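Q: The structure follows.
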Amino acid sequence: MTMELVTQEPNDVQFLQVDDVEPVEVVPGIIRRRLPATERARGWMYDFAPGTEWPEVDVHDGEERYYVVSGEFLDRGQRLGPGSYVVFAPGSTHRPRTETGARMLGISILDR
């Protein structure tokens with residue numbers, strides 16, 4: 001007996017190209033793309049132009065994670081280049097910035 005390991009339900013997965021998601025300007029030089037969300041998490045992509053900084057201290061209600069796709073972020077005293085992965089605990093804070101311009105892909109874990 002062979003067990004099927006891949007689900008085949010038509011609504012249990014979403015596929016998209018992130019650059020096709022409508023960009024929204026957060027502040028001049030920072031663009032957000034909201035990616036599909038579930039009841040447990042929401043995804044997002046941010047593009048920072050060179051010399052930009054998040055407009056305020058970001059306080060996390062739940063866990064937040066991001067992956068540096070390109071460029072370099074300066075966050076909590078660390079230089080984070082492509083391939084860097086950061087995990088913030090609930091209640092943590094940060095204010096990322098970039099000198100070079102950068103792109104991050106993130107997931108916010110929602111309280112249930």
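The values are calculated or read from the model by the stated rules, or taken from the named source; none is laboratory data. Because the structure is a prediction, the values reported are computed rather than measured. Positions of Cβ are generated from backbone atoms using ideal geometry, with glycine treated the same way; all protein chains shown enter the neighbour counts.
Q: Filter segment 46-62 down to the residues that are among the hydrophobic types (A, V, I, L, M, F, W, C) and assigned to a strand (DSSP E or B) and list them by number.
A: Phe48, Val59
Q: Taking only segment 9-37 into account, find how many residues are without any contact (Cβ under 8 Å) to a residue 24 or more places away in the chain, aliphatic (A, V, I, L, M) and part of a loop (DSSP other than H, G, I, E, B).
A: Qualifying residue count, segment 9-37: 2.
Q: Of all residues in segment 63-75, how many are in a strand (DSSP E or B) and surrounded by 17 or more Cβ atoms within 10 Å (Cβ to Cβ)?
A: So the count comes out to 6.
Q: For Thr93, only one of the following conditions fails: (1) among the β-branched types (Val, Ile, Thr); (2) at pLDDT below 95; (3) surrounded by 15 or more Cβ atoms within 10 Å (Cβ to Cβ). What is its number?
A: The single condition Thr93 does not satisfy is (3).
Q: Which members of segment 87-97 meet the condition of being aliphatic (A, V, I, L, M) and not in a strand (DSSP E or B)?
A: Ala89
Q: Could you please let me know if Arg42 is basic (Lys, Arg), in a strand (DSSP E or B), in contact with a strand residue (DSSP E or B) (Cβ under 6 Å, 6 or more places away or on another chain) and over 17 Å from Ser92 (Cα atoms)? Spell out the reasoning first.
A: Details: basic (Lys, Arg): yes; in a strand (DSSP E or B): yes; in contact with a strand residue (DSSP E or B) (Cβ under 6 Å, 6 or more places away or on another chain): yes; over 17 Å from Ser92 (Cα atoms): yes.
In short, yes.
Q: Kindly indicate whether any position in segment 76-86 is under 28 Å from Val13 (Cβ atoms), free of Cβ contacts under 8 Å to residues at least 60 places away in the same chain, part of a strand (DSSP E or B) and in contact with an Asp or Glu (Cβ under 9 Å, 6 or more places away or on another chain). So that I can check it myself, show each step before the final result.
A: Taking segment 76-86 and keeping what is under 28 Å from Val13 (Cβ atoms), we get 82-86.
Adding the requirement that they be free of Cβ contacts under 8 Å to residues at least 60 places away in the same chain leaves 82-86.
Then keep just the ones that are part of a strand (DSSP E or B); that gives 85-86.
From the residues that got through so far, the ones that are in contact with an Asp or Glu (Cβ under 9 Å, 6 or more places away or on another chain) too are 86.
Yes; the residues of segment 76-86 include at least one that is under 28 Å from Val13 (Cβ atoms), free of Cβ contacts under 8 Å to residues at least 60 places away in the same chain, part of a strand (DSSP E or B) and in contact with an Asp or Glu (Cβ under 9 Å, 6 or more places away or on another chain).
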